[in-house]
Amino acid sequence: MKPYHNLRDYLAALKQRGELVIIDRPVSTRLEITEIADRTFKKTRRSPALLFTNVTDHTMPVAINLFGTEERTAMALGVQSLDDIGGRIADLTRPDPPKTLMAKIKKGLQFASVLKNKPRLVKEAPVQEVVLTGEAVNLHRLPVLTCWPDDGGPFITLTAVVSKDPDSGLRNIGMYRVQVFDEKTAGLHWQRHKGGAAHHEKYRKSGGKMEVAVVLGGDPATIYSASAPLPPVVDEWFFSGFLRKKPVDLVKCKTVDLEVPAQAEIVLEGYVDLNEPLRIEGPFGDHTGYYSLADYYPAFHVTAITMRKDAIYPTTIVGVPPVEDEFLGKITERAFLPLMQVVLPEVRDYHLPTEGVFHNLVFISARKSYPAHAWKILHGANGLGLMMLSKVMIVVDEQEPVTDPAHCWKLVMKHVHFKLDVALSRGPIDALDHASQYFTYAGKLLIDATRKWDGEGRSLSREPEVAVSASQIEEITSRLLAIPGVKQIHWPYLVAGQSGSGSPLFIKIEKSVAGEGHRVLEAALSLNNACGLNRFVVVVDDVDDVTNPYDCWWIALNNLDPLRDVVFKDFPLPSPGYRVPGYYPSDARMGWDSTTKWPSEGFTREWPWKVKMDDSVVKKVDEWWPSLGID
Ligand SMILES: Cc1cc2nc3c(=O)[nH]c(=O)nc-3n(C[C@H](O)[C@H](O)[C@H](O)COP(=O)(O)O)c2cc1C
Ligand SMILES: [Mn+2]
């Protein structure tokens, strides 16, 4: 398959496949495109890409939902399935040296073909057909979306932000949102763990200016590559060349000493003035489903806008999951599996479910070959690249399907002793995490949900194989509902009468006094009951429907700082259930207080609010919907 040349080439292919809907009715960049795109992703059968050709107050068309399905995302990268990317990377990382001459030649050719696809410099570029400098620079000419009602302004989202390491000269490209402040100034939201921020930190020491370019568009592999968490020594466009099996053509910028993809649609050139104070950026309806709050980030002074004569403005939205970034994240997940396996070869697979918004939940399956092997993996994986930002990490046995969260949570119930198989650790957490007691510093919950062996003191599964009866469920339900403050309870994976159908318990409360989350948790965990129905209890308050496990996990994981919010209870048992040296037999339980945290509970940061569209816009789009032709 021939790699796509640029964005329009890709759009044409989508159109041919019936995966592009062109919308020519007038729509506004303010909220309206978001509402249409969000519905398209969440609620339609095909989740097609959208091209808005009649954007109010603008002449430039807007393209969105380019990576709206897994199949289309694979097509964008020129592979049958996203696993094929991992396969190609695995070939390169395979440690066994080639034995025969033919195998040596083949390996040599493989590496040669990788190097052949490194970016190359060209002189002419469509992205420089129009060059606007000085007075002509006006960011308001771009149809930048104001995505959500409480956003601090319009945000450019599907970016490739380019900068150079002042020491090594190595290039970094990152997908960081860019808030338009005025005609010539914008905000650069590179978070503290990211490549752009590392460069900025180095420039700050020397003062002066840091040159930056913001690229929009290009072929889809190049668009994606800006979001890949590569180590600093790997140029993201080198990676793109590897993915598309063709070099990315670069052209020199007009006003800064940086290179950008020649086939892009639009480039903003400019600089950060290191002597200038940081500026307030945000709030922004973010991919956690909450607003990320306003904070200080560097201002970007635009010296030139270059673009095609008939430029298309590509964009994306984030918000309550799942949203389009699901599949950008999925490419990274698949591409990085073989790299993870270089360090942790026993890892079979891993998965970041969308309800965990990438950084809150990881399931890893692995081949266990010695006692406590799962702990080696948990500690190892917790320090790998951006996996360092994971909040809850769970290891299951190699044959288990990690892409099935319900199955994995059932394994937690089945194999985990909540005293012996869970550890609280601490470490850096994502800059978007709102629950951590301290900004980017939080607890980590590491869980060994593999089947235990004799050598680990137990060969038995934890979960009793006897079924819980309907009357037992009824009995404990009434006792739980009698706890003051409890509004609703639900066991998402429990089936009355079915053995081994253990489930975490969700409890919804309406919090009216400080500390109520912990109090209800204590009461629920302490209820005496032999059926294991309160072995893992999660208390939430900000969930609409407690019977929807996706929403419950999404909220519960977002609102948790394990250091502060996880409670363990341990009840000694009369008869020895386990043969663990140094431990007494016990019925251990774990609880999460995933309620909203208050200042009166000692929470000193500001708690954000959920992303939600204005009713008036929802109504308007309701009326338009039948005529939009999106299905
Ligand atoms: C749609 C989308 C928007 C993103 N926005 C940001 C952002 O505003 N700031 C940020 O630090 N990371 C953001 N990310 C994540 C980074 O792109 C990602 O961590 C990437 O690895 C950064 O590149 P780097 O490793 O070179 O820093 C976003 C990712 C996607 C898919
Ligand atoms: Mn990078």
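Surrounded by 20 or more Cβ atoms within 10 Å (Cβ to Cβ) and touching a Cys at 6+ places or on another chain (Cβ under 6 Å) - does that describe any residue in the range 354-365? Yes: the range 354-365 contains one or more residues that are surrounded by 20 or more Cβ atoms within 10 Å (Cβ to Cβ) and touching a Cys at 6+ places or on another chain (Cβ under 6 Å). Just for the range 413-430: of the residues that are modelled with pLDDT of 95 or more and more than 17 Å from G329 (Cα to Cα), which one is most open to solvent (accessible area, probe 1.4 Å)? The residue in question is R426.
Residues in the range 160-175 that are surrounded by 19 or more Cβ atoms within 10 Å (Cβ to Cβ) and away from ligand 2 (no atom under 11 Å from the Cβ): K164 alone.
For (1) buried (at least 24 other Cβ atoms within 10 Å of the Cβ); (2) in a helix (DSSP H, G or I); (3) not polar (S, T, N, Q), each residue gets a yes or a no:
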site	(1), (2), (3)
V256	no, no, yes
G270	yes, no, yes
N275	no, no, no
T288	yes, no, no
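If you scan the range 603-631, which residues turn out to be in a loop (DSSP other than H, G, I, E, B) and of a type in the set (D, E)?
Let us first name the residues in the range 603-631 that are in a loop (DSSP other than H, G, I, E, B), namely 603-609, 611-614, 629-631.
If the condition is that a residue be in a loop (DSSP other than H, G, I, E, B) and of a type in the set (D, E), then E606, D614, D631 are the ones that fit.
Quick check: is even one residue across the range 96-111 assigned by TED's automatic domain parsing to the domain that holds I280, away from ligand 2 (no atom under 16 Å from the Cβ), surrounded by 16 or more Cβ atoms within 10 Å (Cβ to Cβ) and among the hydrophobic types (A, V, I, L, M, F, W, C)? Looking through the range 96-111, none of the residues is assigned by TED's automatic domain parsing to the domain that holds I280, away from ligand 2 (no atom under 16 Å from the Cβ), surrounded by 16 or more Cβ atoms within 10 Å (Cβ to Cβ) and among the hydrophobic types (A, V, I, L, M, F, W, C).
The set of residues in the range 444-459 being over 30 Å from N559 (Cβ atoms) and at pLDDT 85 or above consists of R451, K452, W453. A Cβ distance below 6 Å, combined with a sequence gap of six or more or placement on separate chains, defines the contacts here; from the range 67-78, residues that are assigned to a helix (DSSP H, G or I) reach residues that are among the hydrophobic types (A, V, I, L, M, F, W, C) and open to solvent by less than 10 Å² (accessible area, probe 1.4 Å) in the pairs T73/F67; A74/L82.
Can you confirm whether A530 is modelled with pLDDT under 95, more than 25 Å from the chain's Cα centre (by Cα) and surrounded by fewer than 24 Cβ atoms within 10 Å (Cβ to Cβ)? Spelling it out, A530 is indeed modelled with pLDDT under 95, more than 25 Å from the chain's Cα centre (by Cα) and surrounded by fewer than 24 Cβ atoms within 10 Å (Cβ to Cβ). The condition (being more than 23 Å from D551 (Cβ to Cβ) and within 11 Å of ligand 1 (Cβ to nearest atom)) is satisfied by just one residue among F327, F300, F336: F336. Of all the numbered requirements in (1) buried (at least 20 other Cβ atoms within 10 Å of the Cβ); (2) over 30 Å from K246 (Cα atoms); (3) within 11 Å of ligand 1 (Cβ to nearest atom), A186 misses one, and that requirement is (3). Residues in the range 230-249 that are touching a Lys or Arg at 6+ places or on another chain (Cβ under 8 Å) and away from ligand 2 (no atom under 16 Å from the Cβ): 2 in all. Among the criteria (1) of a type in the set (A, V, I, L, M); (2) open to solvent by less than 40 Å² (accessible area, probe 1.4 Å); (3) away from ligand 1 (no atom under 14 Å from the Cβ), the one L115 does not fulfil is (2).
Could you tell me whether the range 197-212 includes any residue that is under 12 Å from A160 (Cβ atoms), open to solvent by less than 50 Å² (accessible area, probe 1.4 Å) and more than 9 Å from ligand 1 (Cβ to nearest atom)? Give the derivation first.
Applying the first criterion (under 12 Å from A160 (Cβ atoms)) to the range 197-212 yields 212.
Still in the list and also open to solvent by less than 50 Å² (accessible area, probe 1.4 Å): 212.
Pick out the ones that are also more than 9 Å from ligand 1 (Cβ to nearest atom) and you get 212.
So far as the range 197-212 goes, yes, one or more of its residues are under 12 Å from A160 (Cβ atoms), open to solvent by less than 50 Å² (accessible area, probe 1.4 Å) and more than 9 Å from ligand 1 (Cβ to nearest atom).
Scanning the range 476-522 for residues that are touching a residue at least 12 places away in the same chain (Cβ under 8 Å), open to solvent by 30 Å² or more (accessible area, probe 1.4 Å) and in a helix (DSSP H, G or I) returns T477, R479, H518, R519, E522.
Taken over the range 141-159, the criterion of being within 11 Å of ligand 1 (Cβ to nearest atom) and open to solvent by 10 Å² or more (accessible area, probe 1.4 Å) is satisfied by T157 alone. When every residue of the range 53-60 is checked against the conditions, at least one turns out to be not charged (D, E, K, R) and not in a loop (DSSP other than H, G, I, E, B).
The values are calculated or read from the model by the stated rules, or taken from the named source; none is laboratory data. Quick caveat, the model's predicted, so the values are computed rather than measured. As a convention, Cβ positions derive from the backbone with ideal geometry for all residues, glycine included, and neighbour counts pool all protein chains shown. Keep in mind that these areas ignore ligands, DNA and RNA; they rest on the heavy atoms of the full protein, side chains included. Shrake-Rupley method; radii C 1.70, N 1.55, O 1.52, S 1.80 Å.
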